[in-house]
Amino acid sequence: MIIPEIVAPAGNFTKLKIALAYGADAVYAGVNNFSLRSRTAKEFTYETFEEAVRYTHNNGKKIYVTLNGFHLSGQIEGLKRHILKLREIKPDAFIVASVGAMKLTRELAPEIPLHVSTQANVLNYLDAEVYKSMGAKRIVIARELSLKDSKILKENCDIELEAFVHGSMCFAYSGRCLISSVQSGRMSNRGSCANDCRFSYELYAKNPENNTLFRLEEDENGTHIFNSKDLNLCSYIEKIMQENCISAFKIEGRTKSEYYVALTTRTYKMAIEDTLNHNFNSEKYEREIYTLKNRGFTDGYLVSRPLEKTDTQNHHTSIEEGTHQVHAIVEDGEYFKCKGKIVLNTAYEILIPLGDKLRECENEIGKIYKKNDKYFVEFKKLIAKNNKEFTEIHSGNENEIKMPTKISAFSFLRKEIL
């Protein structure tokens, strides 16, 4: 059985470290404006990206750089310089959508593997063979491709397949969208999507005989006609792995939160390990995934054909609260920074990387204990690094607050929303 690689989003250096800590085998990130997330690409300079590559390799993991935008002729010379700079940094692959950009990477950096972006819309083995002949090692299959067709593709073309298993879906075909550029001048296909498909819209029907407009109403919030639900395939990981054709599971979300990166990476890692240990439990993974803010969930098209789907759009709201609220991140394991609200004598669940163990303890600061296979912390005192003491801490307070004992780096404190 192929053991799929987990490819997690790295919107910045901290998220990269979190993804690796929580079980990612590889991360993907961008530098400059040649990827489809130009906002997150600004988080990395060439210098910090080189540092990120070193950090990733020192942890025995891989890092793929996104070059998956669609470029105008006036950008080509800049793209050439960009590829040459990245060649010196030595990422583990380029993720590319444009055939011209693929040709450039083969000419300028032939030693760096080529991954074909989902934006290239690969749906069959004929197209896959063409990309393989251009030097591609892996194809990130179109999101509309079914598992059955993925298997046929793999049987007819010896190339690695990567599939999205979680994250935001796009109203447009494989993300090739023009709505943002029409409404706000922000070019989705060059990295500056404004998420216009999440907005509320009013729909009108027009009578061509007299030009009368009739407003079509759904509820007081309008109707989110373009608003795709979030992809969630955690319950299907065992089924996908049994088909033995997918080499990598990709998680969308370079603009998502640190907790999102940790939770999704951890959950899909858990699902893979449980499959290998014949201990698959979809309810466990779904409980974790539903702690995240989301737009509603759909299993997308990998396990069902598009024509069979009628529930991929969330018509009521652009986002829904998850079951849990993140209250703090314990970045170095010793001190936390507040993300919500922390008060005394209240239990907060501790989310730690898969496989890590915590030591139960109790002292003047507070106590850490285990209950129903989960770890919790309760604070008796909230003491900052500068020894200032608080009775409660709120989001926005930049003080780092001491934990009762050192725990796993990049742990999170969360609490169920009642």
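The values are calculated or read from the model by the stated rules, or taken from the named source; none is laboratory data. Just so you know, these numbers come straight off a predicted model, no measurement behind them. FYI the Cβ positions are ideal-geometry reconstructions off the backbone, even for glycines, and counts take in every protein chain you see. Each accessible area value is taken on the protein alone, full model and side chains, heavy atoms only, with ligands, DNA and RNA left out. Shrake-Rupley method; radii C 1.70, N 1.55, O 1.52, S 1.80 Å.
Pairs only if they're at least six apart or on different chains, beta carbon under 6 angstrom, first in region 1-20 and β-branched (Val, Ile, Thr), second assigned to a helix (DSSP H, G or I) and surrounded by fewer than 24 Cβ atoms within 10 Å (Cβ to Cβ); list them, first residue then second.
Listed by first residue and then by second, the contacts come to Ile6/Lys269; Ile18/Glu258.
Does any residue in region 53-65 that is under 16 Å from Arg87 (Cβ atoms) come within less than 8 Å, Cβ to Cβ, of a residue that is open to solvent by 70 Å² or more (accessible area, probe 1.4 Å) six or more places away or on a different chain, and which pairs are these?
Here the result reads Val53/Lys90; Ile63/His57, each pair linking region 53-65 to a residue that is open to solvent by 70 Å² or more (accessible area, probe 1.4 Å).
Which of the residues spanning region 1-27 are under 11 Å from the mean Cα position of the chain (by Cα) and open to solvent by 10 Å² or more (accessible area, probe 1.4 Å)?
Answer for region 1-27, where residues must be under 11 Å from the mean Cα position of the chain (by Cα) and open to solvent by 10 Å² or more (accessible area, probe 1.4 Å): just Lys15.
Could you please find all residues in region 395-418 being at pLDDT 95 or above, farther than 23 Å from Lys284 by Cα and not acidic (Asp, Glu)?
Passing the criteria: Asn399, Ile401, Lys402, Met403, Pro404, Thr405, Lys406, Ile407, Ala409.
Condition check: hydroxyl-bearing (Ser, Thr, Tyr) and open to solvent by 70 Å² or more (accessible area, probe 1.4 Å). Does Tyr55 satisfy that?
Considered against the rule, which asks whether it is hydroxyl-bearing (Ser, Thr, Tyr) and open to solvent by 70 Å² or more (accessible area, probe 1.4 Å), Tyr55 comes out as yes.
Return the pairs, sorted by first residue and then second, in which the second residue is buried (at least 22 other Cβ atoms within 10 Å of the Cβ) and charged (D, E, K, R), the first residue lies in region 241-252 and is more than 19 Å from Asn277 (Cβ to Cβ), the beta carbons are less than 6 Å apart, and the residues are 6+ apart or on different chains.
Cys245/Lys154; Ala248/Glu162; Lys250/Glu162
Which of the residues spanning region 244-274 are within 20 Å of Phe336 (Cβ to Cβ), open to solvent by less than 10 Å² (accessible area, probe 1.4 Å) and in a loop (DSSP other than H, G, I, E, B)?
Those that are within 20 Å of Phe336 (Cβ to Cβ), open to solvent by less than 10 Å² (accessible area, probe 1.4 Å) and in a loop (DSSP other than H, G, I, E, B): none in region 244-274.
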